[in-house]
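Report on the structure given below.
The values are calculated or read from the model by the stated rules, or taken from the named source; none is laboratory data. This structure is a prediction, so every number in the text was calculated from the model and none was measured. A quick note on method: Cβ atoms are made from the backbone with ideal geometry, for glycine too, and the neighbour counts reach across all protein chains shown.
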Amino acid sequence: MPEALSPHEVRAALATRWLGHPLVVLDRVDSTNRAAMEDTGLGHGAVLAARRQTAGKGRMGRTWQVPDGTVPFSLVLAPQISPDRMQLLTLATAVGLTDGIREHLHLSVDIKWPNDLLVDGKKLAGILTEARSDPDRIMRAVVGIGLNVNTDAGAMTGELAGRTTSLKTMLGRRVPVSPLLANILSALEAVYDELAGASGPEQILERYRERCVTLGREVTVRERNGSVRTCRANGVDGHGALLVITPEGKQERLFSADVSLSARDALAEGAG
Ligand code: BTN
């Protein structure tokens, strides 16, 4: 099966210096993020992928559906950034993932703040960053990515039906997973190197803002306390927070709210 995830094929195609070393592919796991966080034998640069994930974690405490064809993988990082800038890891990952997909498959992908990849308004991938930190330093970050590669159009159930897409759906053919993953890891390594380098996050944030379909739009903001407001999204700041203008005309910084582009998009969050 040329489209199955094979660690040998990924390693053969892998041109990275540090990301994907080691690369671990499990047949089945509850959550690659959980496993990557708990396996302290996996250090900076390790990638843990799975052929099946039974209890995937999504953003805001949701579960993440992984039907056949969706590829879950998690990256272990020890980033040199302070805990209050952790959101930058998610945003940099969105930029690297869109770079990798565009370079390998010539497919243009949008970003919805903070962590969704969309094509034609439907969710192609989600990113969940988790970390163990002390007050000054992130000790261990795990960046989990769920990418709908060869997922069938009807595979998502419940409220997610019709709200997601896959590379196969967009391109009209099955996509071999191993070379795709190798290319994505190269693009991610480049963006993490840039984040750690002298130029810092600003150029990554510029690329993020160019691809971010949330900006300039009226958005529905749902917060953990249950409040729902319609705001205007007008920027992403240097920490990765979304800047919105509230109905009262005040500017606020959002870090973790659910932001939907329209009522129809509201439930697409958490889609696998
Ligand atoms: C979202 O809610 O959009 C984020 C979804 C992230 C899912 C991925 S799949 C691989 C990794 N392991 C998990 O349990 N979750 C992330």
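Descriptive notes on the structure:
- Residue check, Ala49 near the ligand (Cβ under 9 Å from one of its atoms), surrounded by 14 or more Cβ atoms within 10 Å (Cβ to Cβ) and either under 24 Å from Lys168 (Cα atoms) or among the polar types (S, T, N, Q) (or both): yes
- Among the conditions (1) surrounded by 15 or more Cβ atoms within 10 Å (Cβ to Cβ); (2) among the acidic types (Asp, Glu); (3) within 9 Å of the ligand (Cβ to nearest atom), Glu9 misses just one, which is (3).
- When restricted to residues that are closer than 13 Å to Tyr208 by Cβ and charged (D, E, K, R), the stretch 226-248 contains 1.
- Annotation note: Cβ proximity below 9 Å between a residue of the stretch 48-61 that is more than 25 Å from Gln87 (Cα to Cα) and a residue that is modelled with pLDDT under 95 and within 8 Å of the ligand (Cβ to nearest atom) (sequence gap 6+ or interchain) occurs for Arg52/Val66; Thr54/Val66.
- Qualifying residue in the stretch 116-128 (condition: touching a residue at least 24 places away in the same chain (Cβ under 8 Å), more than 12 Å from the ligand (Cβ to nearest atom) and of a type in the set (Lys, Arg)): yes
- Condition check for Ala49: of a type in the set (A, V, I, L, M) and over 19 Å from the mean Cα position of the chain (by Cα): no
- Some residue of the stretch 246-264 being touching a residue at least 60 places away in the same chain (Cβ under 8 Å), over 18 Å from Asp116 (Cα atoms) and of a type outside the set (A, V, I, L, M, F, W, C): no
- Scanning the stretch 12-23 for residues that are over 19 Å from the mean Cα position of the chain (by Cα) and surrounded by 15 or more Cβ atoms within 10 Å (Cβ to Cβ) yields Ala13, Leu14, Thr16, His21.
- Among the strands (runs of 3 or more DSSP E) confined to the stretch 139-258, the ones with at least 1 residues that are under 18 Å from the mean Cα position of the chain (by Cα), at pLDDT 95 or above and within 26 Å of Gly100 (Cβ to Cβ) are located at 228-236, 242-245.
- Residue in the stretch 234-253 that is surrounded by the fewest Cβ atoms within 10 Å (Cβ to Cβ), counting only those that are farther than 15 Å from Leu205 by Cβ and aliphatic (A, V, I, L, M): Ile245
- Take the conditions (1) closer than 25 Å to Val47 by Cβ; (2) β-branched (Val, Ile, Thr); (3) exposed (fewer than 15 other Cβ atoms within 10 Å of the Cβ); Thr165 misses just one of them, which is (3).
- Taking the listed residues Pro67, Pro114, Pro135, the one that is over 20 Å from Leu14 (Cα atoms), at pLDDT 95 or above and assigned to a loop (DSSP other than H, G, I, E, B) is Pro114, with no other qualifying.
- So Asp84, is it farther than 21 Å from Ser256 by Cα, touching a residue at least 40 places away in the same chain (Cβ under 8 Å) and not in a strand (DSSP E or B): no
- Test result for Val76, in a strand (DSSP E or B), over 11 Å from the mean Cα position of the chain (by Cα) and surrounded by 17 or more Cβ atoms within 10 Å (Cβ to Cβ): yes
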